[in-house]
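Undergrad: Attaching a single structure in structure tokens format; questions to follow.
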Amino acid sequence: MKSPEQSASGKEIVVVTDRPVTARLRNHSYNIPLIRERGFSFRIFCCLRMYGILREPDETFNEVFHFEHEKSLFQALESLDRKNTFIYCHFWDSLEKGDARTLRIYRFIDRLRIPYGVGITGLGDIPGERELLPLAEPPGVGPIHKRMIRRLAGRWIDAWRRGGIKGIFTLIQIPPSLRQHPAVFLYRRGLLRLQGPLFWVSRGPNATLMQYPTAFPVGKRTKILWTHMPLYDDVIDENGEARRDPVAAFFGQSLPFIEQYGVAVTLEPRHYYALLHNLFRFIEKRFGYQVIKTTHPDGSPERIREYLPDYPPQTQNSVSLARTASLILGHDSTSLCYAVLYQKPVVILITDEYERLPAERDATYGLALSLGKKPINLDRTSPEQIDWESEMRVDEEVYSAFVRRYIKKPGTPERKTWEIVFDEVESVIGQQGRF
């Protein structure tokens with residue numbers, strides 16, 4: 001692998017991240033083709049190995065460089081052209097866990113005098129069930145300390161609901177949940193005394209308030225650059241009116257043959273796909289819809305085909321499918337947001353096994369609560385028992401609130417995220433000595 005110093009000269013965007021670099025992240029969150037179209041070279045400095053996460057790199061991504069030690073990362077950062085470089089920080093998991101290494105990376109970048117921004121537009125980032133438990137409805141805009149209290153309260157309420165007194169004692173014994181809460185971590189270590197990035201890239205008030213205690217530095221010069229969820233870029237490209245063809249689409253994330261939240265999904269494929277097969281057959285007979293199952297960009301369609309031969313995964317564009325289908329089904333896939341944008345009925349599904357996966361369950365119930373729905377457990381509810389009249393109903397008010405809170409802030413420009421970011425980047429790059 002070539003060394004970072006061998007990158008092309010001239011204007012450059014350098015992403016520093018603790019995220020695994022998948023095709024989906026690379027194309028949706030970073031929009032590399034657009035970056036190159038605007039005359040910038042592009043590199044990703046991936047820190048996964050630094051945190052002890054050993055994941056084989058995808059060698060087709062020539063712009064990705066992996067670092068195992070802070071020293072080598074700092075050397076690479078220090079070698080950057082201070083006049084023609086912009087650094088884009090995209091950290092998430094490491095600061096959620098209170099990892100001081102990420103703090104040191106932020107401090108080092110802050111002192112380089114190279115302009116930098118912080119991306120807080122993850123791919124999904126709809127609050128999980130625990131985030132929504134303290135509130136009668138999804139959280140509104142308010143002071144950050146109130147949001148921190150709500151997050152902590154959610155954990156206590158969740159622990160009580162799941163285990164009573166025993167659950168509370170279990171929570172007390174987990175240092176990361178209390179003594180190392182991310183917001184406390186940031187304040188205690190003085191991260192907020194940094195001069196801070198030029199901007200945060202955020203898609204909406206609720207997303208910002210949800211994620212702020214997790215990971216992000218701020219200074220007096222920092223402003224919020226309002227954009228939208230990255231998938232909204234696809235809607236801009238689609239540029240077509242919604243319609244209702246006799247099609248039902250299942251956005252299933254290629255489970256269980258894929259990692260979610262950095263871990264393998266432990267579902268028994270034969271039973272899982274048998275449940276889906278029965279549901280799809282029912283939808284075909286009841287509504288006369290063709291059922292199309294999409295495949296995840298990082299999934300394994302060949303393996304799914306073994307268990308679901310009658311409904312092989314399709315590579316059809318998810319946004320086009322959401323725009324033209326009459327019914328959308330799924331778990332917690334980000335692609336379900338397309339259905340909300342196009343005002344389509346959404347049916348959220350789980351199974352008994354799925355209920356036992358903490359991260360997946362939390363995300364799925366959180367999405368359902370945000371849409372005013374309850375997940376349907378296919379192990380406990382047959383397709384005939386589902387209240388299809390209710391499921392096919394679209395609550396426009398709830399959908400509109402969901403879009404405002406989590407997808408797109410009202411009044412933001414109808415432009416792609418990186419086009420908005422580039423207006424800021426190009427206004428500062430080349431102004432050596434300003435930072």
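The values are calculated or read from the model by the stated rules, or taken from the named source; none is laboratory data. Owing to the predicted nature of the structure, the values given are computational and were not obtained by experimental measurement. Glycine also receives a Cβ, built like all others from the backbone with ideal geometry; neighbour counts cover every protein chain displayed.
Undergrad: How about the stretch 385-433: which of its residues are under 25 Å from the mean Cα position of the chain (by Cα), among the charged types (D, E, K, R) and either assigned to a loop (DSSP other than H, G, I, E, B) or under 20 Å from residue 343 (Cβ atoms) (or both)?
TA: Those that are under 25 Å from the mean Cα position of the chain (by Cα), among the charged types (D, E, K, R) and either assigned to a loop (DSSP other than H, G, I, E, B) or under 20 Å from residue 343 (Cβ atoms) (or both): 395, 396, 397, 404, 405, 408, 409, 414, 415, 416.
Undergrad: State whether one or more residues within the stretch 367-384 are assigned to a helix (DSSP H, G or I), farther than 24 Å from residue 256 by Cβ and modelled with pLDDT of 90 or more.
TA: yes
Undergrad: So, one more: Out of (1) more than 18 Å from residue 275 (Cα to Cα); (2) touching a strand residue (DSSP E or B) at 6+ places or on another chain (Cβ under 6 Å); (3) exposed (fewer than 15 other Cβ atoms within 10 Å of the Cβ), what's the single condition that is false for residue 377?
TA: Evaluating residue 377 over (1) more than 18 Å from residue 275 (Cα to Cα); (2) touching a strand residue (DSSP E or B) at 6+ places or on another chain (Cβ under 6 Å); (3) exposed (fewer than 15 other Cβ atoms within 10 Å of the Cβ) leaves (1) as the failure.
Undergrad: For the list (1) under 19 Å from residue 255 (Cβ atoms); (2) in contact (Cβ under 8 Å) with a residue 40 or more places away in the chain; (3) surrounded by fewer than 13 Cβ atoms within 10 Å (Cβ to Cβ); (4) not small (Gly, Ala, Ser), I need the number of the one condition that residue 396 fails.
TA: All conditions are met except number (1).
Undergrad: Does residue 311 meet the test of being under 17 Å from the mean Cα position of the chain (by Cα) and in the same structural domain as residue 399 (by TED's automatic domain parsing)?
TA: No, not satisfied.
Undergrad: Quick check on the stretch 240-250. Is at least one of its residues closer than 28 Å to residue 421 by Cα and either modelled with pLDDT of 65 or more or within 15 Å of the chain's Cα centre (by Cα) (or both)?
TA: Yes, because at least one residue in the stretch 240-250 is closer than 28 Å to residue 421 by Cα and either modelled with pLDDT of 65 or more or within 15 Å of the chain's Cα centre (by Cα) (or both).
Undergrad: Exactly one condition in (1) loosely packed, with under 15 Cβ neighbours inside 10 Å; (2) assigned to a helix (DSSP H, G or I); (3) modelled with pLDDT of 85 or more is false for residue 33; which is it?
TA: (3)
Undergrad: Among the numbered criteria (1) surrounded by fewer than 16 Cβ atoms within 10 Å (Cβ to Cβ); (2) farther than 25 Å from residue 31 by Cβ; (3) modelled with pLDDT of 90 or more, which single criterion is violated by residue 326?
TA: All conditions pass for residue 326, except number (1).
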